[in-house]
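Written below as C-alpha cells is the structure these notes are about.
The values are calculated or read from the model by the stated rules, or taken from the named source; none is laboratory data. Note that the structure is a prediction, hence the values are computed from the model and not measured. Note that we place each Cβ from the backbone using ideal geometry, even for glycine, and neighbour counts take in every protein chain shown.
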Amino acid sequence: MNKYLQLFRTGNAVMGAVGVLVACFMAAGTDILSHWTNLLLSVVIVFSFIAGGNSLNDYIDADIDVTAHPERPIPSGRMSRKQAKDIGMFMLALSIMVSLFTFDVACILIVMLAVFMMVSYELYLKQRGFIGNVTIAVMTGMLFLLGGTVVGDVTANIVIASMAMLVSIGREISKDIEDKESDEGDRLTLPMRIGDRNAAIIASVCYIIGPVLSVLPIIWDAYSVLYYAVILADVVFLYCAFIVFSDPRKAQRFAKKAMILGLLSFILGVIPI
C-alpha cells in the first residue's frame, strides 16, 4: 500500500468525510445541494483532520508499532518519524485553513477546537484514561455540529451530537474494562482508577441517557414518522447498559451497531413523507 494512504488510514478518512455529508443532510434535508460549496469544503476539512490525526498517531506510537503494527510506514522503514509528524501537523493546519473559506465563525471555531483537542489527545490525554475517553467522544459529536454549521444551522444536530458523545463515552469505557490487563503499565484508565464495576456503572448511565435524549425530537415533532426507527437503537443501547457489567466486549460491539441504527434513524427522519 502507498505509504501516505496507509499513514492517513484513508478508509477511515473517507468514512469521516461521508459522515460529515450525512450530518449536513440531517441538518438541511433536501435543501442540502444549495450549500454545495460548503459541502465540498467540509469534506476536505474532515478528510484532512482525520488524516492529520492518524499521521500524528503514527509519530507518537512509532515504538509501539514496531511490534503492534510493523507494516505501518514508520516501523517498516518507508518513512521517518519526523516526516510523519510534519505531515500530520500540515494536514491538521490544512483543515483549519480550509475552514476559513466557509467564512463562518462557528465552523472555524469548531475546527480549531477539534485540532487542539486532537493534538492534546495524541500528545498527552491518550494515556490519561477517562479524560481521553471524553476527548474522543466530544470530537465524535463535533462532527455532527460541523455538519449543521456548514449548512447554516449550528443548532440543528445538537441532539444527535449529544447522543453520540454520551454513547461514545460508554463505548470507550467498555473497551477500557475489556482491555484492562493489556493496558496495565501503558495507560491509567477509568477501570484502573475506580474498579470495573464502578466504571461499568458510568458506562451504563451513558448508554441510558443517550436514548433518553433521542425522545426529544419526537416531543418537538422535529422529524417525520420515519424517525421512530430510533426506538430500535434505543433498545440496543439499553441492552448495552445491562450487559456492560458482565460482558463489556459485547456491550461495546452492540453499542457500535446501535450508533449506526441511530444515525440511520436521524437520516430517515429528515426525509419528507
Check your understanding: Somewhere in the range 125-148, is a residue under 23 Å from L7 (Cα atoms), of a type in the set (D, E, K, R) and surrounded by fewer than 21 Cβ atoms within 10 Å (Cβ to Cβ)?
Key -> yes
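Residue by residue through the range 120-145, note down the ones that are more than 12 Å from the chain's Cα centre (by Cα) and in a helix (DSSP H, G or I). Reasoning before the result, please.
Step one: of the range 120-145, the residues more than 12 Å from the chain's Cα centre (by Cα) are 120-132.
Matches in the range 120-145: S120, Y121, E122, L123, L125, K126, Q127, R128, F130, I131, G132.
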Review point. When the residues of the range 228-269 are filtered to those that are within 27 Å of E181 (Cα to Cα) and aromatic (F, W, Y), which remaining residue is surrounded by the most Cβ atoms within 10 Å (Cβ to Cβ)?
Key: F237
Review point. Name the helices (runs of 4 or more DSSP H) wholly within the range 1-62 that hold at least 1 residues that are of a type in the set (G, A, S) and either surrounded by fewer than 22 Cβ atoms within 10 Å (Cβ to Cβ) or at pLDDT 95 or above (or both)?
Key: 10-28, 36-60
Review point. So V22 clears everything in (1) closer than 21 Å to M112 by Cβ; (2) in contact (Cβ under 8 Å) with a residue 60 or more places away in the chain except one condition, right? Which one?
Key: (1)
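Out of curiosity, is P70 in the same structural domain as S120 (by TED's automatic domain parsing) and in contact (Cβ under 8 Å) with a residue 12 or more places away in the chain? Give the steps one after another, and end with the answer.
Numbers: in the same structural domain as S120 (by TED's automatic domain parsing): yes; in contact (Cβ under 8 Å) with a residue 12 or more places away in the chain: no.
No: the conditions fail for P70.
K175: basic (K, R) and farther than 30 Å from L238 by Cβ, yes or no?
Values: basic (K, R): yes; farther than 30 Å from L238 by Cβ: no.
So K175 does not fit the description; no.
Being touching a residue at least 24 places away in the same chain (Cβ under 8 Å) and of a type outside the set (S, T, Y) is the filter here; which residues of the range 166-182 pass it? Talk me through it step by step, then tell me what you get.
Taking the range 166-182 and keeping what is touching a residue at least 24 places away in the same chain (Cβ under 8 Å), we get 166-178.
Of everything in the range 166-182, those that are touching a residue at least 24 places away in the same chain (Cβ under 8 Å) and of a type outside the set (S, T, Y) turn out to be L166, V167, I169, G170, R171, E172, I173, K175, D176, I177, E178.
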Review point. Outside the structural domain of R249 (by TED's automatic domain parsing) and surrounded by fewer than 21 Cβ atoms within 10 Å (Cβ to Cβ): does that describe S120?
Key: yes
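Would you confirm, using the coordinates I've provided, whether P70 is of a type outside the set (G, A, S), in a loop (DSSP other than H, G, I, E, B), in contact with an Asp or Glu (Cβ under 6 Å, 6 or more places away or on another chain) and farther than 23 Å from S265 by Cα?
no
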Review point. Of the conditions (1) without any contact (Cβ under 8 Å) to a residue 24 or more places away in the chain; (2) closer than 24 Å to I158 by Cβ; (3) buried (at least 17 other Cβ atoms within 10 Å of the Cβ), V115 fails just one. Which one is it?
Key: (1)
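Would you confirm, using the coordinates I've provided, whether A255 is more than 20 Å from T30 (Cα to Cα) and among the small types (G, A, S)? Step through it out loud before you land on a result.
Numbers: more than 20 Å from T30 (Cα to Cα): yes; among the small types (G, A, S): yes.
For A255, the condition - more than 20 Å from T30 (Cα to Cα) and among the small types (G, A, S) - is met.
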Point to revise | Restricting the range 242-259 to residues that are part of a helix (DSSP H, G or I) and without any contact (Cβ under 8 Å) to a residue 24 or more places away in the chain, the residue that is farthest from the chain's Cα centre (by Cα) | key: I243
Review point. Across the range 203-226, what is the total count of residues that are crowded, with 17+ Cβ neighbours inside 10 Å and modelled with pLDDT of 95 or more?
Key: 6
